[in-house]
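Before any comments, here is the structure.
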Amino acid sequence: MESEPEPCVIGACRADRPRTAQGGSAAGWEGSRYLATRHFAGWYVVNVLEMPSEDVAIALGHQDGGNLIRHLYGHRDKRGALDRIVGAYATRAAENRPKRSESSTPTAPLESPL
């Protein structure tokens with residue numbers, strides 16, 4: 001019984017890889033547009049879509065558990081990381097803030113027994 005081939009995601013299939021850089025030299029780009037596009041896709045999925053590097057590694061056809069994504073070109077955007085941390089603290093603070101219920105709010109001053 002033949003198994004289904006795994007889908008190609010973000011150019012993970014070797015057959016999709018162009019052998020040479022095509023074009024781009026008129027704009028001053030000497031590198032492969034394939035690699036530039038692939039690196040941008042890795043950055044975008046990590047930073048904008050906020051997917052874990054392990055998932056991005058699978059999509060790009062890596063077999064290192066996400067190490068290359070984290071260390072080479074898929075590292076988290078500094079501003080986005082700081083914003084996520086501030087947001088997490090704000091969410092936790094809002095969750096821990098005591099709720100003010102209507103029954104605990106005094107409606108009339110207490111009378112003195114004297």
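The values are calculated or read from the model by the stated rules, or taken from the named source; none is laboratory data. The structure displayed is predicted, hence computed values, not measured ones. Note that we place each Cβ from the backbone using ideal geometry, even for glycine, and neighbour counts take in every protein chain shown.
Give the stretch 64-87 a look and list any residue that's among the aliphatic types (A, V, I, L, M) and surrounded by fewer than 13 Cβ atoms within 10 Å (Cβ to Cβ), or say none. Please lay out each step first, then the result.
Taking the stretch 64-87 as the starting set, the residues that turn out to be among the aliphatic types (A, V, I, L, M) are 68-69, 72, 81-82, 85-86.
Listed by number, the residues that qualify are Leu72, Ala81, Leu82, Ile85, Val86.
Please count how many residues of the stretch 67-113 are modelled with pLDDT of 85 or more and hydroxyl-bearing (Ser, Thr, Tyr).
2
Go through the stretch 41-63 and give me each residue that's over 16 Å from Gly80 (Cα atoms) and exposed (fewer than 13 other Cβ atoms within 10 Å of the Cβ). I'd like the intermediate steps shown before the answer.
Step one: of the stretch 41-63, the residues over 16 Å from Gly80 (Cα atoms) are 41, 54-63.
Result: Gln63, single match.
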